[in-house]
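Right, one structure below, let's go through it.
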Amino acid sequence: MTRIIAGTAGSLPLDVPDAGTRPTSDRVRESLFGSLESSDSIEGAHVLDLFAGSGALGLEAVSRGAASADLVEKSPRAAAVVQRNAAKVARAIGPDRPLRVHRVAVDAYLRGAHGSFDLVFIDPPYDIGEFELSTTLGLLVPLLADDAVVVIERASRSPEPALPVALELVRSKKYGDTTLWWASPSAQPLPESQSR
């Protein structure tokens, strides 16, 4: 069973799509959110959960004090599950922290999105290609706050994600078949030709 681990909605059970998604295990989420809390990356953050699946990552962040979450999921069946889970969490946390579910392809959402995100989860299907992931990361960059944290979940057999020049790898951690890669906006200025 997937559940919210901690925070205002802690122990709330979450529905999981019956096919086509791979929920992040409780063990990985517990470790991930412990690290995010210790680096003060959650409280008040505007969160973006791409390839949301059940929505567990974005909803966990809001349960633990994030200001809002936008959850993006293309599959109609999975998006319906995310909507149900978001409604459950919203009842537990109250109306002050918006939860928005977007039933659209991730790259299409990023091309039309506005605003600035502090914490981004990217948990694509393991069979997504490296080029597709790199394209998604490139589209994400203009939407990131200066001190944003981007967490990419991949199969441990996958290569290190190819990051655009505006992002730099901070660290990675392997959990059996899963590896989490952490990235943040690069402190290096863009070349003059790209900064206009």
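Full extension of the chain between I128 and V165 yields a length gain of 11.2 nm, computed as 0.36 nm times the residue separation minus the alpha carbon distance. Each residue of segment 40-131 gets 99 Å³ once the volume of the Cα convex hull is shared out per residue.
Amide H contacts under 5 Å for R3: L14, restricted to partners 5 or more places along the chain or on a different chain, H placed in the peptide plane at 1.01 Å from N.
Seen against the Cα atoms of the chain and their longest principal axis, helix 26-38 is set at about 60 degrees. Full extension from D177 to A92: what is 0.36 nm times the residue separation minus their Cα-Cα distance, to one decimal in nm? Extending this stretch completely gives an extra 27.3 nm. Please work out the Kirkwood hydrodynamic radius for the chain, using every pair of different C-alpha atoms, and report it in angstroms with one decimal place. In the chain this quantity evaluates to 16.7 Å. Based on every Cα atom in segment 1-88, Rg and the maximum pairwise Cα distance Dmax equal 12.0, 35 Å.
Annotation: amide H-H contacts under 5 Å for V170 (H modelled 1.01 Å from N, sequence separation of 5 or more, or interchain): W182, A183, S184. Less than 5 angstrom separates the built amide H of V101 from those of L71, all sequence-distant by 5 or more or on a different chain. Centroid-to-centroid, using Cα positions, segment 31-76 and segment 121-189 are 15 Å apart.
Given +1 on the Cβ of Lys and Arg, -1 on the Cβ of Asp and Glu, and no further charges, what dipole in debye does segment 1-154 carry about its Cα centre, rounded to the nearest 20?
It comes to approximately 640 debye.
Distance between the modelled labels on S156 and S186, one decimal in nanometres: 3.0 nm (7 Å Cα→Cβ projection). Dividing the summed -39500 (n - 2.57) terms of all DSSP H runs of n ≥ 4 by the residue count of the chain sets its mean residue ellipticity at 222 nm at -9000 deg cm²/dmol.
Taking the chain as the reference, fit the longest principal axis to its C-alpha atoms, fit the long axis of helix 76-93 to the helix C-alpha atoms, and give the angle between the two in degrees, 0 to 90, nearest 10. With rounding to tens, the tilt is 70 degrees.
No lab work stands behind these numbers, since they all come straight from the coordinates. Quick caveat, the model's predicted, so the values are computed rather than measured. Don't worry about glycine lacking a Cβ; one is built from the backbone with ideal geometry, like all the others, and counts go over all protein chains shown.
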